[in-house]
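The values are calculated or read from the model by the stated rules, or taken from the named source; none is laboratory data. Worth saying up front: this structure is predicted, and the values here are computed from it rather than measured. Cβ: placed from backbone, ideal geometry, glycine included. Neighbour counts: every protein chain shown. For accessibility, only protein heavy atoms count, side chains too; no ligands or nucleic acids. Shrake-Rupley method; radii C 1.70, N 1.55, O 1.52, S 1.80 Å.
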Amino acid sequence: MPLDQNDNQKPNRPQKPIYPPGKPNYFALFFFLAMTALFIAFFFRNDQAPIEEMAYSDFLVYLERNEILEVKIYDNNVIDGLRRNIGGEQNRFKTLIPYEDSSLIPNLRDRDVKITGAVAGMTFWRILLDIIPWVLIIGFIWFMMRNMQGVGSRNFQFGKSRAKRYHDDGKKITFADVAGQIDAKYELQEVVSFLKNPQKFTKMGARIPKGVLLVGMPGTGKTLMAKAVAGEAGVNFFHMSGSDFVEMFVGVGASRVRDLFDQGRRSAPCIVFIDELDAVGRTRGAGYGGGHDEREQTLNQLLVEMDGFDSKDGVIILAATNRPDVLDPALLRPGRFDRQVVVAMPDIKEREAILTIHAAKIPLAENIDLARVARATPGMSGAEIANLINEAALFAARRDKKAVEMSDMEEARDKVIMGVARKTLVVSDKERRMTAVHEAGHALLHYFLKNADPLHKVTIVPHGRALGMAMSLPEEDSYSRTRGWIEDRIVICYGGWSAEKLFYDETTTGTKQDLEQATDMARRMVCEWGMAEEMGPVTYGQEEEPIFLGKEIARHKDYSEETAKRIDGAVKKILEKSVTTAQTILESRKKELADLADALLARETLVDEEVRNILGLPPKLEKAEHR
Ligand code: ADP
Ligand code: MG
Ligand code: ZN
């Protein structure tokens, strides 16, 4: 079953508006108008009668020819003038006087040219026009920076930690919001008492842990737990995620760490919480393609900060990770995160408690049995259960119901487990019939094998990539399985394959996963669990996790070719025996199998009671639940 483990519940960053809402943006308006006005002015200046740039030598020639009518001399080096050519056409010109020409003035006077003098560049317009481009550029840059900062673009606030701070805002989170987790709560209670009354502890000379590391799978409620500690103690809570430290600029992470701890010190007593510590805290120098300077700097800064203060100051550092194995050992040394608290996956009772907490927020129909939902969700994390409740509410809302019913819960469960039920998927009739036979084969075996889990339901509604499925319902969570259970499980795996063969004398590719699962279990029976008599109670091969090659588990072969052959033989023996068992049961109940497949075709989904009915079995006697 592909379980989607989405743990991307990034906290939303509150975005600060540039201007308080409701207040019109006068500044931007003014700026825009001013820019437009200046732009137009600029345009008009250039739009005046075209001025000819004239070489001084040409000017002298024209002067000889008596074509110059008037000149305006600026500072003895620029001439603005009016010329009339032979055709009688007049135009303005401009020329630079390149050298001290003492004959110019007498020359002009000889030819009766009108002469005016002026001081260059001192006109208001000239100054303005020279400045305008600069004003525009600087204004634009300034405006952009202001804008980006306001919207929260991080690049303009490099070194600030941007830690989020939770105050008592009425609905603070406490331990009551965290279901189960008795052990973790118990361990964290000490931190809470300390934060509530530091003097009491310091007077006794008790050593208080500086850093506590919450360890657990994604979605088990680590973040929730950290907030609950702050809520219980009623102190400030600074929250940052490890990935926030790792930015694109070298040195930013380190300065953010510094800033975060400064903030913490200033508002003690408080909790500084670093979520996803592994993002910064990975073992140094063990990454791909050499070290990651930025991350190492950040990590070093974190270590320095942790050493630099005392828990007596009233600051406790919490961190969370789901990969404690990859953390740099320096982080786990005494005086740093020397206390680890395990936040475990919920068991059946805890799942029910989590369901209860989250279901309290939605209207429930009478028929809701949360204990049953809890039983049907083995392996789900707290986050997935919270998601399930949310999905159930959505299903109910989509159908205009007033309250969430059991059917909504079931559908939400299937959706969370297997992805959306694609009822619209087009499947050919033959495919559908073969799927029905296949799933009926799995389902039927559940009722005729002694150690199998009871069937929960069987369906031919496509889920994710599977065309159908038969789900069992374990009586209770178990962490170890008996040999009988595993053997029956393998037989059930062959149910689909055997049924297809029985009815169609051929099998489909839909059996691939079943066969893989069966083979894998048989191999583990032989190699890991010592369950094959001829091989003895010995394990073969070692699992190892290569340090540099990610998480793939490689099997290290520590046995001879001869043994390998015997292992293969033992595996094959188990599998062949299982196929025979499956085929025998199905052949002897071919009629019931056909009925079941027909019912599936008609109704698509059958639950335990319905299947019992079709098979002519008595309804299940409720087993008393005792654990
Ligand atoms: P983690 O940080 O371990 O990945 P979170 O704290 O983000 O998990 O959990 C996500 C959500 O799942 C929480 O906000 C909460 O709604 C729900 N949840 C997880 N564990 C519990 C629990 N024990 N009790 C109640 N709700 C839980
Ligand atoms: Mg988290
Ligand atoms: Zn199957």
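Can you give the extra length, in nm with one decimal, that the chain gains between residue 114 and residue 613 once fully stretched, where that is 0.36 nm per residue apart less the Cα-Cα distance? Could the numbers behind the result be given before it?
On the way: separation 499, 0.36 × 499 = 179.64 nm, distance 12.02 nm.
Length gained between residue 114 and residue 613: 167.6 nm.
Taking every DSSP beta bridge that has both ends in region 164-342, the antiparallel portion is near 15%.
Taking N as the residue count of region 348-418, its C-alpha radius of gyration divided by 2.2 N^0.38 Å amounts to 0.96.
Among 620, 210, 430, 402, what's the order by accessible area (1.4 angstrom probe), most exposed first?
Accessible-area ranking of 620, 210, 430, 402, largest first: 402, 430, 620, 210.
In region 102-121, which residues have a backbone nitrogen under 14 Å from the label point lying 7 Å from residue 77's Cα in the Cα-to-Cβ direction? Correct set: 119-121.
Distances between placed amide hydrogens fall under 5 Å for residue 214 paired with 319, 320, 321, 341, all partners being 5 or more residues away or on another chain. The antiparallel fraction among DSSP beta bridges confined to region 54-121 stands at about 70%.
Between the beta carbons of residue 126 and residue 186, assuming R0 = 60 Å, the FRET efficiency works out to 0.15 to the nearest 0.05.
Over all projection directions, the Cα-based convex hull of region 164-342 averages an area of 10.1 nm².
Shape class for region 54-121, computed from the alpha carbon gyration tensor (a ≥ b ≥ c): prolate, with a/c not under 1.5 and a/b above b/c. What the Cβ-Cβ distance of residue 576 and residue 428 gives, at R0 = 41 Å and to the nearest 0.05, is a FRET efficiency of 0.80. Computed from phi, the 3J(HN,Hα) profile of region 337-353 under the Karplus parametrisation 6.51, -1.76, 1.60 (θ = phi - 60°) reads 7, 8, 10, 10, 10, 8, 9, 8, 5, x, 8, 4, 5, 5, 4, 5, 5 Hz, with x in place of Gly and Pro. In this structure, the amide hydrogen of residue 273, modeled 1.01 Å from its nitrogen in the peptide plane, lies closer than 5 angstrom to those of 238, 239, 240, 318, counting only residues at least 5 positions away or on a different chain. Calculate one ³J(HN,Hα) per residue across region 484-492 by plugging θ = phi - 60° into the Karplus curve 6.51 cos²θ - 1.76 cosθ + 1.60, and present them in order as whole Hz with x for glycine and proline. Ordered by residue, 3J(HN,Hα) equals x, 4, 5, 4, 5, 4, 5, 4, 4 Hz. Rounded to the nearest whole Hz, the Karplus-based 3J(HN,Hα) values (6.51 cos²θ - 1.76 cosθ + 1.60, θ = phi - 60°) of region 66-71 follow the sequence 6, 8, 7, 9, 8, 9, with x at glycine and proline.
Of the listed peptides 344-357, 96-109, 523-536, what is their order by residue-averaged count of other C-beta atoms within 10 Å, with the highest listed first? Mind dumping the intermediate values first?
On the way: 344-357: 20.6, 96-109: 12.0, 523-536: 16.1.
The most tightly packed comes first, giving 344-357, 523-536, 96-109.
Based on the mean of other Cβ atoms within 10 Å per residue, sort peptides 296-302, 60-66, 405-411 so the most packed one is first. Walk me through the intermediate numbers first.
On the way: 296-302: 22.1, 60-66: 14.1, 405-411: 20.4.
Result, highest mean Cβ count within 10 Å first: 296-302, 405-411, 60-66.
Between residue 505 and residue 300, take the C-beta separation as r, use R0 = 45 Å, and let me know the FRET efficiency to the nearest 0.05. The formula returns an efficiency of 0.05 here.
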